[in-house]
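Structure, as structure tokens:
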Amino acid sequence: MVQKLPPEKHGGELETIAEQYGIDTDRLLDFSVNVNPLGTPESLADAIKKGFALLNRYPDSSSRRTRRKLAHHLNLSEENIIVGNGATELIYLISRCCSERLHARDAVIIEPTFSDYQRSVSLVGGRVRHHLLLHETCFQLNIDHLIADARDAAILFLCNPNNPTGQLFQKSQILALATTLEKNLIVVDEAFLDFTDESHHNSVCGEVINFPNLVVLCSMTKLFAIPGLRLGYLVAHQNLTERLNQYKEPWTVNIFAQIAGEMLLDETDYLQRTRELVKIEREFLFNQLKQFSWLTPFPSAANFLLVHIGREYLTATMLREKLLKRGILIRNCSNFVGLDERFVRLAVKEHAENLKLISALQDL
Ligand SMILES: Cc1ncc(COP(=O)(O)O)c(C=O)c1O
């Protein structure tokens, strides 16, 4: 019997759920985390084998070889890149490095979004101001309002496409922000951008040379389905990476992750298949969900959908519990700033799995 679940901070946490509620993790279909539905690329087995032979050495603390490969891939210099133990490490690194600024001025966060921006600012004693986008207007951004709100901020955090709304900001909007708010640090989290159709057109990685106030976060964890390995990087102007590096802990990226980072960038076919699958299945899931009179999915550019529950007396907590009884885990979004018990997030998975979700919803 599934008991009442406390709202969780992140998706996943399968072990905790399994332990608390006596569910077998292998039999759970996890729609609560947004990792690549194709699963981990097979070539990764070679990276693990290679890494095994190097376990008796310390990994290069600056992930030099991985940075070199990334620099080539992004057409930037190695000095523009810092590799981290997932993008998460780098979010906390940015706030730590800016703690002095953050004591003088607020951080502005476009909400609803990933909660670790706020946590990273709070941990260094900084204050956060939420720039809230509303579901009633499909989370539309008014750039003038944002500029007015963020003008005196130390840092502006922006997630593109945004978790959990799936909303994509245009490159021109971000560059307008970076130009107008030249004294603010603009942090753009592109953790999910590679899942979108036009990822190259909307990435601002290449702009860090022109904008010394721009930091871009990227996650390989999501894209290559390696949350257990953990790998991410940030891209910024060299002046900024030099400062950030002064605050970085050494050896946070293990040898397996470093080698994987070098190898995975060559997985062009896998990336192509990923984008095709996500595009087709996102549309399928969106259209299927729309058929339910009590569910409204929001348009999304990413590999997940935010869904509004419009049935009286059915909360996100209740829906999550009902689906959990059917072996399906979804993300209750009630703990995102600006959302409540009427919102859940669903990852886009492979067709057979998406069908199981739709069938479980029909069963309710
Ligand atoms: C927007 C966003 N950025 C970063 C992360 C963390 O990524 P990583 O696993 O690379 O630390 C997440 C994880 O959910 C996320 O949603």
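The values are calculated or read from the model by the stated rules, or taken from the named source; none is laboratory data. Keep in mind it's a predicted model, so treat the numbers as computed, not measured. Neighbour counts run over all protein chains shown; Cβ positions are idealised from the backbone, glycine included. Surface areas here come from the heavy atoms of the whole protein model, side chains and all, with no ligands, DNA or RNA. Shrake-Rupley method; radii C 1.70, N 1.55, O 1.52, S 1.80 Å.
Observations
- Per the conditions (1) in contact with a helix residue (DSSP H, G or I) (Cβ under 6 Å, 6 or more places away or on another chain); (2) away from the ligand (no atom under 16 Å from the Cβ); (3) assigned to a loop (DSSP other than H, G, I, E, B), the sole criterion not satisfied by GLN288 is (3).
- Positions within the stretch 67-86 being in contact with a Lys or Arg (Cβ under 9 Å, 6 or more places away or on another chain) and charged (D, E, K, R), in sequence order: GLU78, GLU79
- Extreme residue, least open to solvent (accessible area, probe 1.4 Å), among residues of the stretch 113-134 that are more than 26 Å from VAL344 (Cα to Cα) and not in a helix (DSSP H, G or I): GLY126
- Residues that are within 16 Å of the ligand (Cβ to nearest atom) and more than 12 Å from VAL128 (Cα to Cα) were ranked within the stretch 91-103; the one that is surrounded by the fewest Cβ atoms within 10 Å (Cβ to Cβ) is ARG96.
- Being open to solvent by less than 10 Å² (accessible area, probe 1.4 Å) and either at pLDDT below 95 or at positive phi (or both) is true of LEU324.
- Filtered residue count, the stretch 31-66, keeping only those that are open to solvent by 30 Å² or more (accessible area, probe 1.4 Å), assigned to a helix (DSSP H, G or I) and closer than 18 Å to LEU265 by Cβ: 6
- Among the residues making up the stretch 99-128, those that are in contact with a strand residue (DSSP E or B) (Cβ under 8 Å, 6 or more places away or on another chain) and under 15 Å from ASN160 (Cα atoms) are ILE109, ILE110, GLU111, PRO112, THR113, PHE114, TYR117.
- Within the option set LEU38, LEU14, being at pLDDT 95 or above, closer than 24 Å to PRO164 by Cβ and in contact with a Ser or Thr (Cβ under 7 Å, 6 or more places away or on another chain) holds for one residue only, LEU38.
- For the stretch 104-139, the candidate set comprises residues that are β-branched (Val, Ile, Thr) and in contact (Cβ under 8 Å) with a residue 24 or more places away in the chain; within that set, the residue that is farthest from the ligand (Cβ to nearest atom) is VAL124.
- Among residues of the stretch 167-205, those that are assigned to a loop (DSSP other than H, G, I, E, B), among the acidic types (Asp, Glu) and within 15 Å of the ligand (Cβ to nearest atom), counted: 1
- All conditions in (1) more than 25 Å from GLY11 (Cβ to Cβ); (2) of a type in the set (Asp, Glu); (3) in contact with a Cys (Cβ under 6 Å, 6 or more places away or on another chain) hold for ASP106, with the sole exception of (3).
- Enumeration of residues in the stretch 316-355 that are closer than 18 Å to ILE23 by Cα and assigned to a helix (DSSP H, G or I): THR317, MET318, LEU319, ARG320, GLU321, LYS322, LEU323, LEU324, LYS325
- Applying the criterion of being of a type outside the set (A, V, I, L, M) and more than 29 Å from SER43 (Cβ to Cβ) to the residues of the stretch 222-240, the residue that is nearest to the ligand (Cβ to nearest atom) is HIS237.
- Here ILE209 does not fit the description of being at negative phi and surrounded by 23 or more Cβ atoms within 10 Å (Cβ to Cβ).
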